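A.B. asks: Below you will find the structure I want to go over with you.
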Amino acid sequence: MSVPNAVAGIIAQNGSGSGSASASAPGRFPAGQPAEAAPFKLVSVNRDGSDGVTFPVVGERLDVGRRTGTLLFEDDGYLSDRHVRLERRDGQYHLVDLDSLNGVYVRIRQKEELRDGLRLLVGMEVLCFELISEQERDPAPAVEHGVLVFGTPPKLPWARLRQVTTAGICRDMFHLYRAEVVVGRESGDIVFSDDDFMSRMHAAIRNEGGKAWLVDLNSSNGTYIQVDKERLLQPGDFIRLGDQLLRFEEV
């Protein structure tokens, strides 16, 4: 996984979307309201893995985006104007995708259930997971002019991965036939040999108990799954949005 550029965001006053504080400033609060003690923080992660700017997480919600919100990254063209929200409920923060174009991703800790249409970040690869319907999985033999078409006996895939490019199109498609399919840079069923951010054996997709699971294989840069609408945040979670990599922590 490529880690983002050094943060060039600004914290806007009262979520106005046009704050003047620099990225390293602690942020400001509306006049007449004392600054609330921040129970959590977001730490930007630089390309070399070092910690960058720290942003306090306070209040009932914190919106992150490119043009509107509380925390802005104005130079990040991959972010929607208002991209994601950190919303506090019962003392815990939930990560809520605000219908962003490119989605929000969280680094998985253990195995995560995959659902149809979710995207994964494995190394530098953006892969869309798709289940295959029974009709498509086992089509009837083709017949032309009353003659069966001769060809290789078909394998029966249960799912596929579509590689999504920056042009917004699918470049390659990988059908999943086995109960476990390994993705890696040197070893595995699907190999991306030119991806320097991918580990030798990076992640696996497993078909267990009628469900699909994503498993990280102790990769160096981690495996990320797209947030499906919202997700409860845990201290230590890594969040990828646009070209930004942020770590959510307790203060």
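A.B. asks: Inside region 53-77, can you point out the residues that are aromatic (Phe, Trp, Tyr) and either in a strand (DSSP E or B) or open to solvent by 30 Å² or more (accessible area, probe 1.4 Å) (or both)?
C.D. replies: Phe55
A.B. asks: While we're looking at this one, here's another question. Quick check on my filter: what residues within region 191-206 are under 21 Å from Asp48 (Cβ atoms) and not acidic (Asp, Glu)?
C.D. replies: Answer for region 191-206, where residues must be under 21 Å from Asp48 (Cβ atoms) and not acidic (Asp, Glu): Phe197, Met198, Ser199, His202.
A.B. asks: Consider region 80-96. How many of its residues are within 14 Å of the chain's Cα centre (by Cα) and either surrounded by fewer than 19 Cβ atoms within 10 Å (Cβ to Cβ) or farther than 17 Å from Phe238 by Cα (or both)?
C.D. replies: 1
Residue-by-condition table, conditions (1) surrounded by fewer than 21 Cβ atoms within 10 Å (Cβ to Cβ); (2) charged (D, E, K, R); (3) more than 30 Å from Pro39 (Cα to Cα); (4) without any contact (Cβ under 8 Å) to a residue 12 or more places away in the chain:
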position	(1), (2), (3), (4)
Val182	yes, no, yes, no
Glu186	yes, yes, yes, no
Val191	yes, no, yes, yes
Met198	no, no, yes, no
His202	no, no, yes, no
Gln226	no, no, no, no
Lys229	yes, yes, no, no
Phe238	yes, no, no, no
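A.B. asks: Going by the structure shown, is Gly117 out of contact with any His (no Cβ under 6 Å at 6 or more places or on another chain) and loosely packed, with under 11 Cβ neighbours inside 10 Å?
C.D. replies: no
A.B. asks: If I ask for residues that are under 16 Å from Ala159 (Cα atoms) and of a type in the set (D, E, K, R), which ones from region 113-131 would you list?
C.D. replies: Of everything in region 113-131, those that are under 16 Å from Ala159 (Cα atoms) and of a type in the set (D, E, K, R) turn out to be Glu113, Arg115, Asp116, Arg119, Glu130.
A.B. asks: Counting only residues that are more than 15 Å from the chain's Cα centre (by Cα) and under 21 Å from Val104 (Cβ atoms), which one in region 204-224 is most open to solvent (accessible area, probe 1.4 Å)?
C.D. replies: So the residue we want is Trp213.
A.B. asks: Taking region 123-138 on its own, how many of its residues are in contact (Cβ under 8 Å) with a residue 12 or more places away in the chain and open to solvent by 80 Å² or more (accessible area, probe 1.4 Å)?
C.D. replies: 3
The values are calculated or read from the model by the stated rules, or taken from the named source; none is laboratory data. Quick caveat: nothing in here was measured; it's all calculated off a predicted structure. Ideal geometry is used to build each Cβ from the backbone, glycine not excepted, and the neighbour counts take in all protein chains shown. For the accessible areas, the whole protein counts, side chains as well, though only heavy atoms, and no ligand, DNA or RNA atoms are used. Shrake-Rupley method; radii C 1.70, N 1.55, O 1.52, S 1.80 Å.
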